[in-house]
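The values are calculated or read from the model by the stated rules, or taken from the named source; none is laboratory data. Note that this is a predicted model, so its numbers are computed, not measured. FYI the Cβ positions are ideal-geometry reconstructions off the backbone, even for glycines, and counts take in every protein chain you see.
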């Protein structure tokens with residue numbers, strides 16, 4: 001076999017592999033992610049007085065500056081009956097003094113104070129477990145200290161998703177606040193992309209995670225499934241491993257409303273963000289087999305798609321279209337245009353459903369390419385050493 005025959009055969013194999021990768025991409029985009037993009041909010045707001053009492057739980061460590069913003073926003077919520085449980089986990093700042101003043105002024109606030117000697121494990125699970133134990137009500141609503149609801153309808157909105165007796169879990173979206181700079185755009189796009197994944201899976205009745213910034217479940221569900229026992233020594237996993245463990249196709253609902261958002265303060269340095277992402281990715285190898293297959297196949301397919309793309313234009317391609325190279329390039333261009341248009345359409349419509357604005361989603365393929373590389377490198381880094389802490 002001469003070199004030209006070899007290259008033609010190699011080119012044909014690459015072309016076929018690329019087309020397969022393209023088809024799989026289309027299956028994810030239109031078969032899965034379109035569920036969120038074209039989602040219509042079906043949660044019916046119940047009449048006043050029919051809502052169950054709720055315990056809102058916040059875990060805080062050295063978060064005094066954030067609590068000053070979050071607490072008033074929660075206490076002013078338009079909801080018939082709720083309490084605010086704040087777990088003060090070994091704070092060294094002004095948190096303790098602030099919470100003491102808060103208890104005097106607001107009887108609906110319940111403070112749980114932990115000392116260093118009590119928290120044997122790093123991470124949020126022990127403080128959260130103590131907050132759940134101290135909660136007055138069965139219905140729990142979780143958020144983080146560095147978050148803030150954008151209006152007084154947050155609790156009511158999340159609780160509206162408990163629209164039948166079978167629902168035990170409600171998964172919401174947790175965006176990051178808009179700031180200037182490239183890092184903020186990457187953080188917000190990554191949050192959007194993650195939201196598209198887990199919310200689309202939840203809408204497909206294959207829930208595998210929620211985000212602790214905006215998540216609700218019943219305390220009876222927590223104890224019935226023995227809480228975080230199966231993954232207690234891992235710092236992360238309170239919002240993905242636990243939900244993956246307890247969610248079924250019938251007991252989980254989603255709450256999606258672009259007008260009701262719980263925004264979190266984004267990281268301001270690359271090192272902080274990378275540490276946060278490494279911590280989030282550290283639980284991926286503990287997902288259920290089906291979830292691991294879906295997410296792993298998506299990442300692997302994206303790798304193949306972008307790696308094979310330049311070779312389609314480098315290697316000779318005359319063998320594919322009977323020596324008419326023009327038809328070949330027209331066909332490849334058509335595939336790229338369809339992929340680009342589909343991706344941007346799904347991202348734009350999903351962003352609109354989730355209230356995300358000014359992300360320049362026309363550049364979605366560039367974001368996508370960056371995170372394909374970024375996710376792969378962080379995954380390899382986590383194989384070498386595990387991140388620690390919150």
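Side notes on the structure shown:
- Of all residues making up segment 153-167, the number that are surrounded by fewer than 17 Cβ atoms within 10 Å (Cβ to Cβ) and either touching a helix residue (DSSP H, G or I) at 6+ places or on another chain (Cβ under 8 Å) or under 10 Å from residue 253 (Cβ atoms) (or both): 4
Yes or no, residue by residue, for (1) within 18 Å of the chain's Cα centre (by Cα); (2) farther than 30 Å from residue 41 by Cα:
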| position | (1), (2) |
| --- | --- |
| 257 | yes, no |
| 282 | yes, yes |
| 296 | yes, no |
| 329 | no, yes |
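- Candidates 58, 87, 109, 71, filtered to the one that is within 21 Å of residue 242 (Cα to Cα) and free of Cβ contacts under 8 Å to residues at least 60 places away in the same chain: 87
- Scanning segment 168-191 for residues that are surrounded by fewer than 17 Cβ atoms within 10 Å (Cβ to Cβ) and in a loop (DSSP other than H, G, I, E, B) yields 177, 178, 179, 180, 181.
Here's the yes/no breakdown for (1) assigned by TED's automatic domain parsing to the domain that holds residue 62; (2) in contact (Cβ under 8 Å) with a residue 12 or more places away in the chain; (3) loosely packed, with under 14 Cβ neighbours inside 10 Å:
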position: 334; (1), (2), (3): no, no, yes
position: 352; (1), (2), (3): no, yes, yes
position: 357; (1), (2), (3): no, yes, yes
position: 366; (1), (2), (3): no, no, yes
position: 371; (1), (2), (3): no, yes, no
position: 377; (1), (2), (3): no, no, yes
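- Residue that is surrounded by the most Cβ atoms within 10 Å (Cβ to Cβ), among those in segment 1-39 that are at pLDDT 60 or above and part of a loop (DSSP other than H, G, I, E, B): 39
- Every residue from segment 40-74 that is closer than 16 Å to residue 157 by Cα, under 26 Å from the mean Cα position of the chain (by Cα) and at pLDDT 95 or above: 54, 55, 56, 73, 74
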